[in-house]
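One structure is given below, encoded as structure tokens.
Every number in this text was worked out from the coordinates using simple rules, so none of it is lab data. Predicted, not measured: the structure shown is a model, and the values here were computed from it. Neighbour counts run over all protein chains shown; Cβ positions are idealised from the backbone, glycine included.
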Amino acid sequence: MSIEHNHKPADDCIGFEQDKDCPLQFKTLSIRYEAKMRERKYGIVDGVLVKKSSGVPISDDEPLFILRAKDKNALPALAFYVALCEDLYHRENVMKSVLDFKDFAAEHPERMAEPNI
């Protein structure tokens, strides 16, 4: 069962409650977004963003910052983040995302841009 909304999958707006220009909240995301979400650490379960390894929901009062592969600034930011990672396991997993982002940039150069707000 999916919940309908007026956002298209390509929209840049993710749907934070505090964003007056994007009233969609995570708990109202359509089921179809669950199957297409390409994120290793987090997922959407029953319309709620959760940590996949534990199933623990991300609290509504915790700020989130999402980098998309089409953001031309994302890859340099991830590379810098990898350098800051002290835990080897975490660093290896972030490197998987770096490689995914690099592949996306190589396969879709026409989609790379600095996002607008």
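Values for this structure:
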quantity: Filtered residues of region 52-93 (kept if over 29 Å from MET112 (Cβ atoms) and surrounded by 11 or more Cβ atoms within 10 Å (Cβ to Cβ)); calculated: PRO57, ASP60
quantity: All positions within region 81-108 that are among the charged types (D, E, K, R) and not in a helix (DSSP H, G or I); calculated: GLU86, ASP87
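Condition check ((1) closer than 23 Å to GLY43 by Cβ; (2) of a type in the set (D, E, K, R); (3) assigned to a loop (DSSP other than H, G, I, E, B)) across all residues:
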| residue | (1), (2), (3) |
| --- | --- |
| SER59 | yes, no, yes |
| LEU64 | yes, no, yes |
| ALA79 | no, no, no |
| GLU110 | no, yes, no |
